[in-house]
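Participant: Sharing a structure below in structure tokens format, with a few things to ask.
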Amino acid sequence: MSSSPYIFEATMENFQQQVMEASATTPVLVDVWAEWSAPCKQLMPLLEKLAEEYKGAFLLAKVNADQQEQLASSLGVRSLPTVILVKDGQAVDDFNGALAESDIRKVLDKYVEAPAEDPFEKAHALWEEGNLDGALAILGDMNQKDPENLKVLIDLAQIKAEMGDLDTAEQIYNSLPPEEKLQHQAKQLAARIKFLKQSAELPPQTDLEMALEQDPQDPNALHMLALHNVLKENNAEAMELLIRLIQVDSKYKNEVAKTTLVELFEKLGNNNADVRTYRRKLYTLMH
């Protein structure tokens, strides 16, 4: 049984009220399915995902064909899955089989108003695609409309840092309330700014790798190469190098390896698998 307000189990008893009558105000997508049908299992998650995404612009009524044989028969179902779109008490469209998500959207869009795109989600999508200017424009507009939204402000700083504008990123971080600086996102931002600042002083990665080949215990090469890996998001490799540095010289540069590891742990968060692994390794070395 789904806990979603947009998804429900349709039966012979509730079909008239919850599907036919309800469709006068909200279109209802009726999915007739069975547990033994592989295409049904393929289609169901897509329909549930769309129901959540459309946030009530349509309802999803699931009809278990094995438990609701009479209802499935009255709907004229001949194959599974069968999906029927009901609007204003009438079946206005239908399809059979496990369609692709894009094809399901085409059916829905003829009768259902698509949800407005969340600007925050759009900015993050552009960010993930590497379109930093596009993401920055959207977040900047959101910041002007709601300057108190700290999530937007921190994301603005993160993008500024990625674009190389570390001064602006640091100004934004410094403007955060003290309590906000204790939050995970702000700690991530602070660590990112610090690592990027350090990157300006890094020797070329190939030079460091050659230095380590000549001397696997070169503390400077271990440290600098770890920072290169941090900046490339090769976090496990960075942590491994820092652990090696602690084994070689735990006091090097005022315990910089331990400090950098802790900053990296904060940047990635406690739920990160690499953090859990290397936190245990650090604890073992320290004790």
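The values are calculated or read from the model by the stated rules, or taken from the named source; none is laboratory data. Here the structure is a predicted model, which is why all the values come from computation and not from measurement. Positions of Cβ are generated from backbone atoms using ideal geometry, with glycine treated the same way; all protein chains shown enter the neighbour counts.
Participant: Please go through the range 259-286 and pick out each residue that is buried (at least 16 other Cβ atoms within 10 Å of the Cβ) and not in a helix (DSSP H, G or I).
Facilitator: Within the range 259-286, just Asn272 meets the criteria.
Participant: If you scan the range 101-118, which residues turn out to be without any contact (Cβ under 8 Å) to a residue 60 or more places away in the chain and out of contact with any helix residue (DSSP H, G or I) (no Cβ under 8 Å at 6 or more places or on another chain)?
Facilitator: Ser102, Asp103, Lys106, Val107, Asp109, Lys110, Glu113, Ala116, Glu117, Asp118
Participant: If I go through the range 218-277 residue by residue, how many of them are touching a residue at least 60 places away in the same chain (Cβ under 8 Å) and among the small types (Gly, Ala, Ser)?
Facilitator: Summing the residues that are touching a residue at least 60 places away in the same chain (Cβ under 8 Å) and among the small types (Gly, Ala, Ser) in the range 218-277 gives 1.
Participant: Among the helices (runs of 4 or more DSSP H) contained in the range 53-134, which hold 3 or more residues that are under 13 Å from Leu29 (Cβ atoms)?
Facilitator: Where helices (runs of 4 or more DSSP H) fall fully within the range 53-134 and carry at least 3 residues being under 13 Å from Leu29 (Cβ atoms), they are 101-109.
Participant: I've got another one for you. Could you run through the range 143-153 and say how many residues are surrounded by fewer than 19 Cβ atoms within 10 Å (Cβ to Cβ) and among the hydrophobic types (A, V, I, L, M, F, W, C)?
Facilitator: 1
Participant: Here is a list: Ala161, Ala191. Which entry is within 25 Å of Met224 (Cβ to Cβ) and either touching an Asp or Glu at 6+ places or on another chain (Cβ under 8 Å) or assigned by TED's automatic domain parsing to the domain that holds Glu237 (or both)?
Facilitator: Result of the check over Ala161, Ala191: Ala191.
Participant: Just to be sure I understand, how many residues within the range 15-38 are touching a Phe, Trp or Tyr at 6+ places or on another chain (Cβ under 9 Å) and closer than 16 Å to Ile104 by Cα?
Facilitator: 4
Participant: Sticking with this structure for a sec: Test Leu156 against the stated conditions and say whether it is surrounded by 15 or more Cβ atoms within 10 Å (Cβ to Cβ), out of contact with any strand residue (DSSP E or B) (no Cβ under 7 Å at 6 or more places or on another chain) and not in a helix (DSSP H, G or I).
Facilitator: Spelling it out, it is not the case that Leu156 is surrounded by 15 or more Cβ atoms within 10 Å (Cβ to Cβ), out of contact with any strand residue (DSSP E or B) (no Cβ under 7 Å at 6 or more places or on another chain) and not in a helix (DSSP H, G or I).
Participant: Take the residues in the range 79-125 that are among the hydroxyl-bearing types (Ser, Thr, Tyr) and closer than 26 Å to Ala38 by Cα; name whichever of them is surrounded by the fewest Cβ atoms within 10 Å (Cβ to Cβ).
Facilitator: Ser102
Participant: Can you pull out the helices (runs of 4 or more DSSP H) entirely within the range 174-257 that have at least 2 residues that are under 30 Å from Leu153 (Cα atoms)?
Facilitator: In the range 174-257, the matching helices (runs of 4 or more DSSP H) lie at 184-199, 219-231, 235-249.
Participant: While we're looking at this one, here's another question. Among the listed residues Leu166, Leu132, Leu150, identify the single one that is in contact with a Pro (Cβ under 9 Å, 6 or more places away or on another chain) and not assigned by TED's automatic domain parsing to the domain that holds Leu268.
Facilitator: Testing whether each residue is in contact with a Pro (Cβ under 9 Å, 6 or more places away or on another chain) and not assigned by TED's automatic domain parsing to the domain that holds Leu268 leaves just Leu150.
Participant: Considering only residues that are over 10 Å from Tyr6 (Cα atoms) and among the hydroxyl-bearing types (Ser, Thr, Tyr), look in the range 18-67 and name the one that is surrounded by the fewest Cβ atoms within 10 Å (Cβ to Cβ).
Facilitator: Thr25
Participant: Only one of these is out of contact with any His (no Cβ under 7 Å at 6 or more places or on another chain) and either surrounded by 15 or more Cβ atoms within 10 Å (Cβ to Cβ) or aromatic (Phe, Trp, Tyr) (or both): Leu196, Leu182. Name it.
Facilitator: Every option except Leu196 fails the conditions.
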